[in-house]
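A short worksheet on the structure shown next.
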Amino acid sequence: MNEWKVCGYELKPGEKKQVMLHPGGREYEIPATLICGSQEGRTLLITAQIHAGEYNGSAAAARLAKEIQPENLKGNVILMHCVNTSGFWQQYARFIPEDHVNLNADYPGNERGTIGQQIAAWFVKEIFPGVDFIADLHGGGMCEALSPCIFYPRAPEVTEAALAAAKTMNVRYLLASSNSVGEYGYAANYLDIPGFILECGYGGIVREEWAEQIRECMLLLLDHLGMYGMTAEYRKTYPKKIYRNTEYLESDMRGVWYPAVREDQQVRKGDLLGELGDFFGNIKKSFHALEDGTVIYYTAGMSVLEGDALVAYGLESSAEEV
Ligand SMILES: [Zn+2]
């Protein structure tokens, strides 16, 4: 077996290294665990905290980095513990603070652009070519309550492979996504690399059950990809609901938000989803469900600007139980 070369590092079969990666050769630091399996196999990229402030993926990554033993691994794992490190240390919950680049929406970036653009371009040039599957770990935002879910790409060449992997996860809701300009979405649509986003946890808090759910999902993914054997205990079937269509309600005005739903709640066509008004409780606009659906996530805080997400609900007319 040959050595595995990645981002300027060389690993022998059976070796694990913890390093700082430097996108574009700059001082920017991404802490990563590189694990070179003792046998040949695929390469899995796991990224956490593309959106700083969505912490539970990082909590799971720390456990996985200790747990995954290279002697039992077929193939390689690149585990990035926190991609948006500047956002992490500046407590800037979503975008790259230096330039407001959203690494889930601003691919493919630019090698000679701002730091966020350079990070995206570095993924495209240095990381994606050696990767067979991408698991991008997210969660709901600071003011966004969310039921654990997976977004899989609507990309013709890889939808089947991504969905097959998503179906093995310990997560109830799977949602088709047409994002082609985020990390996994760009890789799926333009480079034919299957992958998904796993969303678990929210509110800028880490909880044991969320970190464990993500950890278990990643072990199930390694098992599904033939990279790491799991015990039968884990291989139970988790009931899934796939939504081919999701309604993403956005605000067309600034206002004080009074939500009327919760995550995981069933709504019927015409049900009140929430109202926008002022601080005195005077309502200016009411929002109602367009169809029967299930609330996957919603804004649970009060401050809403024009264009902000209010409620995302999977449409029952597009749903399939598996
Ligand atoms: Zn996110």
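Quick note: the coordinates plus some simple rules give every number you see, no bench work behind them. All figures in this text were calculated on a predicted structure; none of them were measured in a lab. Cβ atoms come from the backbone with ideal geometry, glycine included; neighbour counts cover every protein chain shown.
Going by how many other beta carbons lie within 10 Å of each one, how would you line up T237, T47, T159, fewest first? Show your work: numbers first, answer last.
Working: T237 8, T47 28, T159 15.
Fewest-to-most ranking of T237, T47, T159: T237, T159, T47.
Report the extension gain between E157 and L305 in nm, rounded to one decimal, defined as 0.36 nm multiplied by the number of residues separating them, less their alpha carbon distance. Walk me through the numbers before you get to the answer.
On the way: separation 148, 0.36 × 148 = 53.28 nm, distance 3.68 nm.
Answer, rounded to one decimal: 49.6 nm.
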Check your understanding: Can you tell which of R42, R244, R63 shows the greatest fluctuation in a Gaussian network model of the chain with Cα springs below 10 Å?
Key -> R63
Check your understanding: Once label points are set 7 Å from the Cα along Cα→Cβ at both L191 and E111, what is their separation, rounded to one decimal in nm?
Key -> 1.4 nm
Exercise for review: State the dimensionless ratio Rg/Rh of the chain (Rg: radius of gyration of Cα atoms; Rh: Kirkwood radius).
Suggested key: 0.98
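Using only the Cα atoms, what convex hull volume per residue in Å³ does the range 245-321 have?
Working: hull volume 5.7 nm³, N = 77.
Per residue, the Cα convex hull of the range 245-321 comes to 74 Å³.
Going by how many other Cβ atoms sit within 10 Å of their own, how do T299, T43 line up, fewest first? Present the calculation step by step, with values, prior to reporting the outcome.
Numbers: T299 22, T43 19.
Starting with the residue having the fewest Cβ neighbours, the order is T43, T299.
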Revision key, fill the gap. For H138, the net charge from surrounding residues (Cβ-Cβ under 9 Å; K, R +1; D, E -1) works out to -3
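Multiply the residue gap between Q69 and E10 by 0.36 nm, knock off their C-alpha separation, and tell me the result in nm, one decimal place.
Details: separation 59, 0.36 × 59 = 21.24 nm, distance 1.76 nm.
Value of the extension gain: 19.5 nm.
State to the nearest 20 debye the size of the charge dipole of the chain about its Cα centre, where the only charges are +1 on K and R beta carbons and -1 on D and E beta carbons. Spell out each step's value before the answer.
Numbers: 28 positive and 43 negative charges, 85 e Å.
Here the chain has a charge dipole of around 400 debye.
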Check your understanding: How high is the FRET efficiency between F280 and H100 when r is their beta carbon distance and R₀ equals 41 Å, given to the nearest 0.05?
Key -> 0.80
Revision key, fill the gap. Computed ³J(HN,Hα) along the range 38-43: with the Karplus parameters 6.51/-1.76/1.60, θ = phi - 60°, integer Hz and x for glycine or proline, the list is 6, 10, 5, x, 7, 10
Review point. Expressed in nm to one decimal, what extension gain is obtained for the pair Q39 and D223 from 0.36 nm per residue of sequence separation less their Cα-Cα distance?
Key: 64.8 nm
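Calculate the FRET efficiency for H288 and W89 from the Cβ-Cβ distance with a Förster distance of 35 Å, rounded to the nearest 0.05.
FRET efficiency, H288 to W89: 0.25.
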